[in-house]
Amino acid sequence: MVEIAPSILSADFTRLGEEIAMVERAGASYIHVDVMDGHYTPNLTVGPFVVEWVRKATRLPIDAHLMIENPDNFIGAFAGAGANMISVHPGATYHLHRTISYIRQAGCQAGVVLNPATPLAMIEEIIADVDYVLLMSVNPGFGGQKFIPSSLDKLRRLRDLIRFKSATARIEIDGGIGPDNAAEAAAAGAEILVAGSAIFKAGDPAEALKKILRAAQSSERVTV
Ligand code: DX5
Ligand code: ZN
């Protein structure tokens, strides 16, 4: 079943607890936290300290997307702060297999992230060891960017790769997702849809989330 992970990057941080409660009531399945270090990404955001506060605001699983160099140094801190899922970029760590093991040892689900220009081949040898693959449909760094259309074909090829390897990894898509492309993304294989600005910048964020969910659920059984 397709699920929604609102990204708090576009939330109003003066009322973060209320924003999280609102998306939880509207049907969110995860809270997506974008962690940026100003080195791997051209932007700085939040760290374990904010995850601790998110943990107090929700019972939903926290999906920590680490866009940081040397993620190994912070896995313990994010797990300790209450993250349930931690994903890392292959280009940000020297020994991806070890990093994935650290995430598992910390009691979290482990994800690997593909940037728009990162080939699927990059994850062939690790796909059986991860709980999910996060496919970036924008370049990491900012909320509110435009969905890169070629991501749909990449989603299909990722789905095929997972099947071919008899792996169980779920597929998460992140970047530029909204009511207009949620159906296509789900039909192409996305099982978790991250959406930031399309939810939190909408006039009625709860309704926007429901619209994305309805669109995705309507097409998830369509094979393309
Ligand atoms: C980008 C982040 C995304 C971003 C999504 O680096 O990984 O999670 O917040 O935001 P929207 O949905 O606005 O593209
Ligand atoms: Zn993200």
Checklist entry - Where both partners of a DSSP beta bridge lie in the chain, what percent of those bridges are antiparallel, to the nearest 5? => result 5 percent
Checklist entry - What percent does the relative contact order of the chain come to when contacts are Cα pairs within less than 8 Å and at least six residues apart? => result 21 percent
Checklist entry - Top mean-square fluctuation among 143, 47, 203, Gaussian network model of the chain, C-alpha springs under 10 Å? => result 203
Item to check | For the chain, built as a Gaussian network whose Cα springs stay under 10 Å, the top-fluctuating residue of 64, 186, 167 | outcome: 167
Next on the checklist: If I take all pairs of Cα atoms in the chain, what percentage of them are more than 29 Å from each other?
Outcome noted: 18 percent
Item to check | Intensity falloff of the stretch 1-80 expressed as log10 I(q)/I(0), Debye formula with alpha-carbon point scatterers, at q = 0.21 Å⁻¹ | outcome: -0.96
Checklist entry - Cα centroids of the stretch 20-79 and the stretch 82-123: how far apart, whole angstrom? => result 14 Å
Item to check | Under the Karplus curve 6.51 cos²θ - 1.76 cosθ + 1.60, θ = phi - 60°, whole-Hz ³J(HN,Hα) for the stretch 61-77, x wherever Gly or Pro sits | outcome: x, 9, 9, 8, 9, 8, 9, 9, 6, 6, x, 3, 5, 10, 4, x, 5
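Which of rounded, prolate, oblate describes the stretch 72-171, given a ≥ b ≥ c as roots of the alpha-carbon gyration tensor eigenvalues and a/c under 1.5 marking rounded, otherwise prolate only if a/b is larger than b/c?
Taking the square roots of the gyration eigenvalues as a ≥ b ≥ c, the stretch 72-171 is oblate.
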Next on the checklist: Considering only C-alpha atoms, what is the centroid distance from the stretch 129-175 to the stretch 202-221, in Å?
Outcome noted: 19 Å
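Laboratory data are not the source of any read-out in this text; all were calculated from the coordinates shown. All figures in this text were calculated on a predicted structure; none of them were measured in a lab.
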